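Enquirer: Dropping the structure in here first, questions after.
The values are calculated or read from the model by the stated rules, or taken from the named source; none is laboratory data. What you see is a predicted model, and the numbers here were worked out from it, not measured in a lab. Glycine also receives a Cβ, built like all others from the backbone with ideal geometry; neighbour counts cover every protein chain displayed.
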Amino acid sequence: MPSMSLAIQTSSALFGVGSHVAYFIKGEHHPRAPLYAKLVLLGPCALTPVLIFSSDESTRTTCLNLLSIGLWYLVGLFLSILTYRLFLHPLRSYPGPLGARISGMWFTSQVASERRAFEKVENLHEQYGPFVRIGPSALAVNHPDAIETLFGSKSKCFKGDWYDSSNSLFVTLHSARQKSVHGPWRRLWSGAFGDQQLRSYEGRIVKVREKLVAKFQASAKAKEALDVTEQFHYFNFDVTSDLAFGNSLDTLDDPSQRWTIETMQKGATFLELFLPAWIFVLLVSIPGADNGFLRFARLCRQLIEKRIKNEPDKPDIMATILAQWKDKKITPEGKKALFGDAQLIIVAGSDTSSAVMSVLSYEFARNPSHVEKLRKELAPFTVDGRVDFARIQNLDHLNGVINEAMRLFPPVPSIIPRLTPPEGVEIGGRYIPGNTTVACSQYVLNRTESLYPQANEFIPERWYSKPEMVTDKSIFVPFSIGPYNCIGKSLALQNIRNTIAELVTRFDFSPGPNNDMDLYKKGARDAFTLQPARLRLNISFAKSDEKA
């Protein structure tokens, strides 16, 4: 059988090099990942049956030659990519692991086992310094200047390609990368988070909070440990479903509804891998795929479709968003955006608050003195065991413990990717080239000793009576800053503040039986948002509430 000439093999390889230099090296290609995969697989899938079943020697030779051409093209393409990333890339001077220089999959491989990206980023900074290359075109930066440069109101940076990962399923306010799209969309959302709306929401949250208090009371009476992380998940999911869709799913009291939370949590496991955008896009495009993320997407679709058909008695968050479609037929693109809005509300509304409440319970069990201090602070605003929530917004220690919980365990702990403008940016005196994905981990920055003395210690007083323990308050941004900051910040803080105030006036917290408190810190996972570990605590009545 005649073999393919060396000239044709060389030409194929050179064509691969040329396609990289002329095409693939420029712009973003992750949206076309499914197309590229089809093209790569099309040749082998079409030619392999011919090789197996054809008896004609010339036909078989032609097929082999075509496969060889494709193979040599790929060899040239990937050798060119490898050479560029190792020796010619604008980030070549930045330190980092060899694997990170070669492929974005390196980072995924490093976090796949424990799912703690924030810890991996911290370890990389300890090894390589404040600027670390964590991907072929990605840097992790641990410097206070990064906050304003990447996220501030005057930032020239954009959201990175990671935000496109789910766009084939739905688009959200959170995933909108273009400022021209994000701005009007955010203004639409803002109508649901005004002062008047927040006051009306609290009246509805109180009813759900009473069910949470009942769970704590039952635990205290039975003297049985309570998984507080689990209960906070149920509580905040019920609050979110009620405020967003006008109908609480009642997971606190109805175990049959908890599949919704399980679906959300399984969807989050897909995010824990921090897959490169092109792989994420490819995986969710596979026909018949049934991973957790897709099941979560279907849940969001079901919730919004049900809400569209059933107008609640009291206005909810979706009422503001749906107002744009009043007396209009919702377009396919409009529905896709609404599905995304449902996803964003569920995750942002429940994950953040649940995590902070769980962390605070952990700290209260470790150091009950904070509970006593909070009770004394809340006493002037508590009558017959009822806290006057309207008057506690500015209490020093209450806000201090919340801030400190979010400092040590930020709601989004590791990677909020930003893409630098073509001209690049400067952070901490270092020039970062254009079109570079840059991440500044809140978890790492918040535990930097030069910025927060005794950085790993829970010291709420640093936020009011010990200001020397916070060198620069402007870099503490648990809800981000600038045009992309969390629009639900005020609602989340109101809910956290009022719920914690209610619980500490009624209950004491202590470690549960056979409960290693250190395991709690080691068990937290990173799925873009913090996923706290389960935490079983002994709950007992406060002396003033023993007859509850």
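Enquirer: If you go through the range 450-489, how many residues are over 25 Å from ARG366 (Cβ atoms), of a type in the set (D, E, K, R) and in contact with a Pro (Cβ under 8 Å, 6 or more places away or on another chain)?
Expert: The total comes to 1.
Enquirer: Something else: Just give me the residues in the range 508-537 being in contact (Cβ under 8 Å) with a residue 12 or more places away in the chain and either among the small types (Gly, Ala, Ser) or touching an Asp or Glu at 6+ places or on another chain (Cβ under 7 Å) (or both), in sequence order.
Expert: Answer for the range 508-537, where residues must be in contact (Cβ under 8 Å) with a residue 12 or more places away in the chain and either among the small types (Gly, Ala, Ser) or touching an Asp or Glu at 6+ places or on another chain (Cβ under 7 Å) (or both): SER510, GLY512, ALA524, ARG525, ASP526, ALA527, THR529, ALA533, ARG534, LEU535, ARG536.
Enquirer: Next question. Can you tell me which residue is nearest to ALA365 (Cα to Cα) among those in the range 493-542 that are more than 27 Å from the chain's Cα centre (by Cα) and among the polar types (S, T, N, Q)?
Expert: The selected residue is SER510.
Enquirer: Does SER19 qualify as being surrounded by 14 or more Cβ atoms within 10 Å (Cβ to Cβ), out of contact with any Pro (no Cβ under 9 Å at 6 or more places or on another chain) and of a type outside the set (Phe, Trp, Tyr)? So that I can check it myself, show each step before the final result.
Expert: Numbers: surrounded by 14 or more Cβ atoms within 10 Å (Cβ to Cβ): yes; out of contact with any Pro (no Cβ under 9 Å at 6 or more places or on another chain): yes; of a type outside the set (Phe, Trp, Tyr): yes.
When the stated conditions are applied, SER19 passes them.
Yes/no matrix, rows are residues, columns are (1) out of contact with any Cys (no Cβ under 9 Å at 6 or more places or on another chain); (2) in the same structural domain as ASP341 (by the TED database); (3) within 30 Å of PRO34 (Cα to Cα); (4) surrounded by fewer than 18 Cβ atoms within 10 Å (Cβ to Cβ):
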position	(1), (2), (3), (4)
GLN217	yes, yes, no, yes
LYS223	yes, yes, no, yes
ASP254	yes, yes, no, yes
LYS266	yes, yes, yes, yes
PHE274	yes, yes, yes, no
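Enquirer: Which of (1) within 28 Å of ASP508 (Cα to Cα); (2) without any contact (Cβ under 8 Å) to a residue 12 or more places away in the chain does ASP250 not meet, given it meets every other one?
Expert: (2)
Enquirer: Of all the strands (runs of 3 or more DSSP E) wholly in the range 344-443, which have at least 1 residues that are surrounded by fewer than 20 Cβ atoms within 10 Å (Cβ to Cβ) and more than 14 Å from the chain's Cα centre (by Cα)? So that I can check it myself, show each step before the final result.
Expert: On the way: elements: 425-427, 430-432, 437-439.
Because the criterion is at least 1 residues that are surrounded by fewer than 20 Cβ atoms within 10 Å (Cβ to Cβ) and more than 14 Å from the chain's Cα centre (by Cα), the strands (runs of 3 or more DSSP E) in the range 344-443 that meet it are 425-427, 430-432.
Enquirer: Then there's this: Of the residues GLY183, GLY203, GLY152, which is over 30 Å from PRO422 (Cβ atoms) and surrounded by fewer than 19 Cβ atoms within 10 Å (Cβ to Cβ)? Break it down stepwise before answering.
Expert: Values: GLY183 fails: over 30 Å from PRO422 (Cβ atoms); GLY152 fails: over 30 Å from PRO422 (Cβ atoms).
GLY203 is the lone residue from the list that is over 30 Å from PRO422 (Cβ atoms) and surrounded by fewer than 19 Cβ atoms within 10 Å (Cβ to Cβ).
Enquirer: So which of GLY488, GLY424, GLY482 is more than 24 Å from ALA524 (Cβ to Cβ) and either in contact (Cβ under 8 Å) with a residue 24 or more places away in the chain or among the hydrophobic types (A, V, I, L, M, F, W, C) (or both)? Steps first, please.
Expert: Working: GLY488 fails: more than 24 Å from ALA524 (Cβ to Cβ); GLY424 fails: either in contact (Cβ under 8 Å) with a residue 24 or more places away in the chain or among the hydrophobic types (A, V, I, L, M, F, W, C) (or both).
Matching residue, one of GLY488, GLY424, GLY482: GLY482.
Enquirer: Further question on the same structure: Could you tell me whether MET318 is touching a Lys or Arg at 6+ places or on another chain (Cβ under 9 Å), touching a residue at least 60 places away in the same chain (Cβ under 8 Å) and not charged (D, E, K, R)? Spell out how you get there, then give the answer.
Expert: Numbers: touching a Lys or Arg at 6+ places or on another chain (Cβ under 9 Å): yes; touching a residue at least 60 places away in the same chain (Cβ under 8 Å): yes; not charged (D, E, K, R): yes.
When the stated conditions are applied, MET318 passes them.
Enquirer: How do the strands (runs of 3 or more DSSP E) wholly within the range 463-546 filter down when requiring 1 or more residues that are buried (at least 18 other Cβ atoms within 10 Å of the Cβ) and of a type in the set (S, T, N, Q): which remain? Even if it seems obvious, please write down each step before you answer.
Expert: Numbers: elements: 507-511, 525-527, 529-531, 536-541.
Of the strands (runs of 3 or more DSSP E) lying wholly inside the range 463-546, those with at least 1 residues that are buried (at least 18 other Cβ atoms within 10 Å of the Cβ) and of a type in the set (S, T, N, Q) span 529-531, 536-541.
Enquirer: Condition (residue is under 23 Å from TYR23 (Cα atoms), not acidic (Asp, Glu) and not assigned by the TED database to the domain that holds LYS336) applied to the range 110-130: is it met by at least one residue? Give the derivation first.
Expert: Our first condition is that a residue be under 23 Å from TYR23 (Cα atoms); within the range 110-130, this holds for none.
No, the range 110-130 has no match at all.
Enquirer: Right, another one. Please go through the range 253-283 and pick out each residue that is modelled with pLDDT of 90 or more, charged (D, E, K, R) and more than 14 Å from the chain's Cα centre (by Cα).
Expert: Residues satisfying the conditions are ASP253, ASP254, ARG258.
Enquirer: In this structure, is LYS336 farther than 29 Å from VAL228 by Cα, of a type outside the set (S, T, N, Q), surrounded by fewer than 14 Cβ atoms within 10 Å (Cβ to Cβ) and assigned by the TED database to the domain that holds ALA244? Explain how you work it out, then say what you get.
Expert: Values: farther than 29 Å from VAL228 by Cα: yes; of a type outside the set (S, T, N, Q): yes; surrounded by fewer than 14 Cβ atoms within 10 Å (Cβ to Cβ): no; assigned by the TED database to the domain that holds ALA244: yes.
So LYS336 fails the test.
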